[in-house]
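The values are calculated or read from the model by the stated rules, or taken from the named source; none is laboratory data. This one's a predicted model, so the numbers in the text were calculated from it and none came from an experiment. Note that we place each Cβ from the backbone using ideal geometry, even for glycine, and neighbour counts take in every protein chain shown.
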Amino acid sequence: MNDGIRASSAERIATAMLARLAEAPVGSRLPSTRAIAAEFSASPVTVQRALRLLESRGRVEVRPGDGTFVLGQPAARPTDRSWQTASLPVPAAVLDPTPAALAEAPGDAIALHAGYPSGDLLPERLVRTALVRAARGRAALVRSSVAGDPGLRDWFAAELRRTAGAGSATPSAHDVMITAGSQAGLHAVIAAVAPGSPVVVESPTYWGALLALHSVGARVIPVPSGPSGPDPADVERAILSSGARVFYAQPTFANPSGVSWSASTRERVLQIVRQHGAFLLEDDWAHDFGIDAAARPLAATDDSGHIVYLRSLTKVVSPAIRVAAVVARGPVRDRILARLSAEAMYVSPLLQAAALDVVTSPGWQVHLRALPRLLRARRDQLIVSVRAGAPSAHITSVPGGGLNLWIQLPDGVSASAVTASARAGGLLLADGASWFPSEQPGQFLRLNYADSATDRYDEAARILAAAIEDARPTS
C-alpha cells in the first residue's frame, strides 16, 4: 500500500473512531492495535497512523507498552481579543456596588463565587482568643491615633523589611497607616492622589478598585494584562497619552486572574513610574496566599517613594477583622493620612489590638506554614475536576497563589447566562464582567478554590458543563 492510500485510510479510521470516543469514558483504554486493524481491515501501520492523528487532536494519549487511552473533549481555545483593551476609550459606567462575589449563598449551594477563603482556612482559635483579650484590655475603651496602633504599624513595616533585599531602604513604622480594610485604604489613596484624574489599571483588575476609582471621578485607563503581567510598553504609552500619575496594579497573584508579574516586568514598570514621576499603587492583597512561590512586594525594593503599598489582613485573619495598612513615604503619606482622617477618623482600637495579637502569636507562623499545602490541594483538585468534567471551560493559567481560577468560556457563550443556569443547578459562580474596566475581550468566570466543599468539586464541574451547554447559542 503506498503512502497516499495509507494516509487516506488512517484518516478514515480516525474519523470513524471520533464518534466512538465522544461516548467513551475519559481514561478508558482503546482496543489493541491488532483488534482495531482487524475491525477496519487495515494494516497495523495504518492503525498507528490513525492513532497518531487522534493523539495530535488531543483525543487520545498513547502510552508505549501500556496502550492508548481516551482523553476528554478538548476545549476550543477562545479567541484572544485582549489587545483591544488599550485601544478603546473607557465608557462612562456605574458599577454594581454588590457584585456576584459578595452574593449570599443558600445553605445547600456549592459556593465558588466568593472572594474569601472558607472558615476552615482561618486561624479561628487565634482570632477568638485575640478578640477576648482585646475586649478585656485597654483597647476596648480608648480611641486610636489616625495613623493607627504603633505596634501594628511597626509589624507591617517589619514585614516589608523581612522581604527586602540587602541594602534596601525599607519603610519605617512612621510610613505605615492603618485602615479599615483594603477597600477603605484604596479609596483614601485614590481620593488623595488622583481625584478626577486619569489612573492606569490592569485589565482585568479588582472590581473594588474600579468602584473606588469611579466614586472619586477618576478616569480609568486600562492596559491588558497577560500571563506575565502587563506589557511595560503598554503601561508607558498609557501614562504618556493620558498624563496619568498613578498606576494601580496587583503584581503578585492578581485578582481575578492569579497572574504574577515576571521579574523583567516588575523591574521595567518600576523604571517607568520613576522616569515619569508617577506612583505605583501596589495592592498586595494575596501576600499570605502563596502556593508555589512567596510574595515579593515591589515596595520592599523602593526607596524613592514611587510605590504606595497596600496590604490587608482581612482575608487571611478573619472577615470580621477589617484591618489593612497603607505604606507611603514623603508628602503623599501626609495627604493620604489627611484623607483617612476626613473619612473615618481612626480604625477601631479593638480590631487593631486583636489583629496584632493574632499576627504576633506563635501559632500564627504555624498557620501560615500550613496554608500553602492546603491551598495547593484545593487548587489542584478543582483544576482536575474542571478539566475532566467541563473541558470547554478554559483555565487560562495555573495560579502560583491567591484564591481563584480564571476561566474563559467558549466563543459565543454568555457568562451571565452560564452563571444564571449554574445558580439554578445549585452552583454559585462569579461573572467575570465585574473585573473589567471596559469592554471584555471574551466571556470569563472566576472560581474560588478556597471553598471547603472539596468533595463537591466534581459535581460543580458537571453543573458548569451543563450550564455552558445551556448557554450555547442556537443556530
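Values for this structure:
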{"item": "Tally, over the range 208-225, of residues that are part of a loop (DSSP other than H, G, I, E, B) and buried (at least 22 other Cβ atoms within 10 Å of the Cβ)", "result": "1"}
{"item": "Given (1) over 21 Å from L313 (Cβ atoms); (2) touching a Ser or Thr at 6+ places or on another chain (Cβ under 9 Å), index of the condition D284 fails", "result": "(1)"}
{"item": "Members of the range 175-198 found to be free of Cβ contacts under 8 Å to residues at least 60 places away in the same chain and assigned to a strand (DSSP E or B), listed by number", "result": "P198"}
{"item": "Subset of the range 116-172 [under 25 Å from the mean Cα position of the chain (by Cα) and in a helix (DSSP H, G or I)]", "result": "G119, D120, L121, E124, F156, E159, L160, R162, T163"}
{"item": "Residue identified as in contact with a strand residue (DSSP E or B) (Cβ under 7 Å, 6 or more places away or on another chain) and crowded, with 22+ Cβ neighbours inside 10 Å among V323, V359", "result": "V323"}
{"item": "Lone qualifier among A388, A422 - being surrounded by fewer than 24 Cβ atoms within 10 Å (Cβ to Cβ) and more than 17 Å from the chain's Cα centre (by Cα)", "result": "A388"}
{"item": "Residues of the range 425-435 satisfying the condition of being part of a loop (DSSP other than H, G, I, E, B) and surrounded by fewer than 22 Cβ atoms within 10 Å (Cβ to Cβ)", "result": "G425, G426"}
{"item": "Condition broken by T314, with the remaining ones in (1) touching a Lys or Arg at 6+ places or on another chain (Cβ under 7 Å); (2) on the phi > 0 side of the Ramachandran plot satisfied", "result": "(2)"}
{"item": "Qualifying residue in the range 397-409 (condition: β-branched (V, I, T), over 15 Å from the mean Cα position of the chain (by Cα) and crowded, with 17+ Cβ neighbours inside 10 Å)", "result": "no"}
{"item": "Condition met for A130 (over 30 Å from D431 (Cβ atoms) and at pLDDT 90 or above)", "result": "yes"}
{"item": "Test: residue in the range 353-361 that is assigned by TED's automatic domain parsing to the domain that holds A147 and charged (D, E, K, R)", "result": "yes"}
{"item": "The range 238-277, residues that are buried (at least 17 other Cβ atoms within 10 Å of the Cβ) and among the charged types (D, E, K, R)", "result": "R245, R266, R268"}
{"item": "Lone qualifier among T252, T265, T314 - being of a type in the set (S, T, N, Q) and under 19 Å from D154 (Cα atoms)", "result": "T314"}
{"item": "Test: R162 is closer than 19 Å to F289 by Cα and either of a type in the set (D, E, K, R) or at pLDDT 95 or above (or both)", "result": "yes"}
{"item": "Hey, S361 more than 21 Å from A139 (Cβ to Cβ), touching a residue at least 12 places away in the same chain (Cβ under 8 Å) and hydroxyl-bearing (S, T, Y) or not", "result": "no"}
{"item": "Single unsatisfied condition, P349 versus (1) farther than 30 Å from R136 by Cβ; (2) assigned by TED's automatic domain parsing to the domain that holds S203", "result": "(1)"}
{"item": "Single condition P473 does not satisfy, out of (1) assigned to a helix (DSSP H, G or I); (2) touching a residue at least 40 places away in the same chain (Cβ under 8 Å)", "result": "(1)"}
{"item": "Residue in the range 243-257 that is in contact with a strand residue (DSSP E or B) (Cβ under 8 Å, 6 or more places away or on another chain), polar (S, T, N, Q) and farther than 24 Å from A430 by Cβ present", "result": "no"}
{"item": "Hits in the range 303-315 (condition: in contact (Cβ under 8 Å) with a residue 40 or more places away in the chain and buried (at least 21 other Cβ atoms within 10 Å of the Cβ))", "result": "V308, Y309, L310, R311, S312, L313, K315"}
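This table checks each residue for (1) under 16 Å from the mean Cα position of the chain (by Cα); (2) of a type in the set (S, T, N, Q); (3) within 27 Å of A114 (Cα to Cα).
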residue: Q275; (1), (2), (3): no, yes, no
residue: F279; (1), (2), (3): no, no, no
residue: D283; (1), (2), (3): yes, no, yes
residue: H287; (1), (2), (3): yes, no, yes
residue: A293; (1), (2), (3): yes, no, yes
residue: T301; (1), (2), (3): no, yes, no
residue: R311; (1), (2), (3): yes, no, yes
residue: R322; (1), (2), (3): no, no, yes
residue: A328; (1), (2), (3): no, no, no
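Each row is one residue, and each column tells you yes or no for (1) touching a strand residue (DSSP E or B) at 6+ places or on another chain (Cβ under 6 Å); (2) at pLDDT 85 or above; (3) assigned to a loop (DSSP other than H, G, I, E, B).
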| site | (1), (2), (3) |
| --- | --- |
| G4 | no, no, no |
| P25 | no, no, yes |
| V47 | no, yes, no |
| A50 | no, yes, no |
| T68 | yes, yes, no |
| D80 | no, no, yes |
| P91 | no, no, yes |
| A101 | yes, no, no |
| D108 | no, no, yes |
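Conditions (1) outside any helix (DSSP H, G or I); (2) modelled with pLDDT under 95; (3) closer than 30 Å to L368 by Cα, marked per residue:
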{"position": "S392", "(1), (2), (3)": "yes, yes, no"}
{"position": "V398", "(1), (2), (3)": "yes, yes, yes"}
{"position": "L405", "(1), (2), (3)": "yes, no, yes"}
{"position": "D411", "(1), (2), (3)": "yes, yes, no"}
{"position": "R423", "(1), (2), (3)": "no, yes, no"}
{"position": "Q440", "(1), (2), (3)": "yes, yes, no"}
{"position": "L445", "(1), (2), (3)": "yes, no, yes"}
{"position": "S452", "(1), (2), (3)": "yes, yes, yes"}
{"position": "L464", "(1), (2), (3)": "no, no, no"}
